[in-house]
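The values are calculated or read from the model by the stated rules, or taken from the named source; none is laboratory data. Being a predicted model, the structure only gives us computed values, none of them experimental. Neighbour counts run over all protein chains shown; Cβ positions are idealised from the backbone, glycine included. For the accessible areas, the whole protein counts, side chains as well, though only heavy atoms, and no ligand, DNA or RNA atoms are used. Shrake-Rupley method; radii C 1.70, N 1.55, O 1.52, S 1.80 Å.
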Amino acid sequence: MTTEPHPFASQKDLRQAFSQGLLRLLDEDEGMGAFILALANAHAEPGRFDALEARLLPRYRQLSEDCRRSLAAGEPINAPVDDLLVLLKLMALGYDRLPAPEQRRAGPWQLQFNLLRSLRPERAGGEQINQLLRPFNPAGFHFNKPFLASETFWRGEFLARPIALLYNKFPFMPLHGLWVPEAEQCLPQYLTESLHYHAWACCLELSGRIPGLGLGYNSLGAGASINHLHFQLFLEAGLPLEDPSWRHNGGPHAYPLPCRRFDRPESAWQAISRCHEHNIAYNMLYRGERLYLLPRRLQGCFERQPWLSALGWSELCGRFVLFNRRNYQGLRAQQIEQQLRALGTEDRGWR
C-alpha cells in the first residue's frame, strides 16, 4: 500500500505502478494468495509474465513442495482454503502447462479462453439476489480487511476524493484492478449520486492521458460479488458495445438487450436512480465523456447457459471469458445474442 502521488499521469506511469506493485507484493508477502495474484496478473499480459517469471517459478516450486510435505506428514496447511484449492488445481494441471489467455471473435463479440481464471473459486456473483441494496456487512469480505493491504498498489486522493486501487486476483483484461472510492466509509455496492459524478469526472479527466482506460460497474444482482462500493478499472479500447453500428451509438442495428448511452452525467444519474427506484439490476461502462447503462434481470431470475462463467459488465459489453476450450472454439454469435436477449428486462420506468 502506498500514499505516493497518483499514477495517472500517463499510460506508462500506470503500467509502471502496476508492475512495481506486483514486484513489491512478491518481495513482501511469501504467502499462497500473493503468489496466485501475481501469477494471474502476469498471465494477463505476456510482457509482464516475462518480467516476473524469474520470481514466480521459484515461488511456485517452494509452495508446492511445502504443500506436498505437509500433506505427506498429515499436518495442516497454513493458507486460506480458497488459495489452497487454487494451488492444488495448479499442481494437478502443471505450472508449465498453463497457457496464456487466447482471443478470438464470434461475429461482433470478443471471446477469451482463460484457463487460469477457471481456477477461481465461485463467489456471490452467481447467487440469487432479489434486492439491489443490502447493508454493508463488516464481518463479510470487504476491501478494508488488513490482509488486503499488500494487494493495494496505490492509495491516495484523486480529484479531491480518496481512492484505493487493488489488484484483481483473477484478471481478464490489461491493467484490470479494483477502483474503491472512499473505502473507509464502508459503503455497500449501491451507487450514490456524488460517487457517480466523481467516477464520470475521473474518466473524463483520464481519457486524454490514458487512452483505453475505463471503469466497469456491476450493481448487486448484476454480477457484483463483493458488497463494498467499487468499480473495475481496466485498459482496453473498443469493446463490442462501443461499435458505431449499434443503435445506441447512432448506427442501424439493435443491441441484443436494452442499452442507453449518456453524454451527460445528469441524465445518466436520472436513469440510474430509476433503476434503483424500481429495483432493476444494471451494469455500466464509464468511458471518457460517456456512459453506457444496461438494465437487466436480477441474477438467478433467468436461465444461464452452461458455457457462461459470469454475466457482469464485461459480458454485457460484449466480452466473454470462457473456461472450456471446446466452448471457446465452437461458440457462435447466435448463442451469445440469445443469452443476452434472455437478460432483457421489461420497461418498468427505467427509461
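The figures follow:
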| quantity | calculated |
| --- | --- |
| Residue that is surrounded by fewer than 19 Cβ atoms within 10 Å (Cβ to Cβ), among the charged types (D, E, K, R), within 30 Å of residue 152 (Cα to Cα) and out of contact with any helix residue (DSSP H, G or I) (no Cβ under 7 Å at 6 or more places or on another chain), where the choices are 266, 277, 236 | 236 |
| Condition met for residue 116 (within 25 Å of residue 282 (Cβ to Cβ) and open to solvent by less than 60 Å² (accessible area, probe 1.4 Å)) | no |
| Any chance residue 121 is part of a loop (DSSP other than H, G, I, E, B), open to solvent by less than 60 Å² (accessible area, probe 1.4 Å) and touching a residue at least 40 places away in the same chain (Cβ under 8 Å) | no |
| Close pairs (6 angstrom Cβ cut-off, 6 or more residues apart or separate chains): in contact (Cβ under 8 Å) with a residue 24 or more places away in the chain in segment 240-266, open to solvent by 30 Å² or more (accessible area, probe 1.4 Å) and in a loop (DSSP other than H, G, I, E, B) anywhere | 240/108 |
| Unique residue being modelled with pLDDT of 95 or more, of a type outside the set (Asp, Glu) and open to solvent by 40 Å² or more (accessible area, probe 1.4 Å) when the list is 215, 187 | 187 |
| Filtered residues of segment 21-44 (kept if among the charged types (D, E, K, R) and over 27 Å from residue 6 (Cβ atoms)) | 30 |
| Residue check for residue 106: at pLDDT below 95, surrounded by 13 or more Cβ atoms within 10 Å (Cβ to Cβ) and among the hydrophobic types (A, V, I, L, M, F, W, C) | no |
| Subset of segment 247-263 that is part of a helix (DSSP H, G or I) and farther than 21 Å from residue 223 by Cβ - its residue that is most open to solvent (accessible area, probe 1.4 Å) | 247 |
| Residue within segment 148-155 that is hydrophobic (A, V, I, L, M, F, W, C), in contact with a His (Cβ under 8 Å, 6 or more places away or on another chain) and part of a loop (DSSP other than H, G, I, E, B) present | no |
| Conditions (1) of a type in the set (Gly, Ala, Ser); (2) over 19 Å from the mean Cα position of the chain (by Cα); (3) at pLDDT 95 or above: number failed by residue 208 | (3) |
| Among (1) surrounded by fewer than 17 Cβ atoms within 10 Å (Cβ to Cβ); (2) in a helix (DSSP H, G or I); (3) without any contact (Cβ under 8 Å) to a residue 40 or more places away in the chain - the single one residue 342 does not satisfy | (3) |
| Every residue from segment 1-16 that is out of contact with any strand residue (DSSP E or B) (no Cβ under 6 Å at 6 or more places or on another chain), more than 23 Å from residue 100 (Cβ to Cβ) and open to solvent by less than 20 Å² (accessible area, probe 1.4 Å) | 8 |
| Selection status of residue 64, open to solvent by less than 40 Å² (accessible area, probe 1.4 Å), farther than 30 Å from residue 208 by Cα, at pLDDT 90 or above and not hydrophobic (A, V, I, L, M, F, W, C) | yes |
| Number of positions in segment 124-148 that are in contact (Cβ under 8 Å) with a residue 24 or more places away in the chain and surrounded by 14 or more Cβ atoms within 10 Å (Cβ to Cβ) | 10 |
| Residue satisfying all of: in segment 17-26; farther than 20 Å from residue 87 by Cβ and not aromatic (Phe, Trp, Tyr); least open to solvent (accessible area, probe 1.4 Å) among these | 21 |
| Segment 25-59: number of residues that are farther than 13 Å from residue 171 by Cβ, touching a residue at least 24 places away in the same chain (Cβ under 8 Å) and assigned to a helix (DSSP H, G or I) | 14 |
| Search result, residues across segment 32-60 that are open to solvent by 10 Å² or more (accessible area, probe 1.4 Å), within 20 Å of residue 176 (Cβ to Cβ) and aromatic (Phe, Trp, Tyr) | 49 |
| Exclusive hit being assigned to a strand (DSSP E or B) and within 26 Å of residue 118 (Cβ to Cβ), set 285, 293 | 285 |
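Matching residues to (1) within 22 Å of the chain's Cα centre (by Cα); (2) of a type outside the set (D, E, K, R):
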residue	(1), (2)
8	yes, yes
19	yes, yes
22	yes, yes
31	no, yes
40	yes, yes
45	yes, no
87	yes, yes
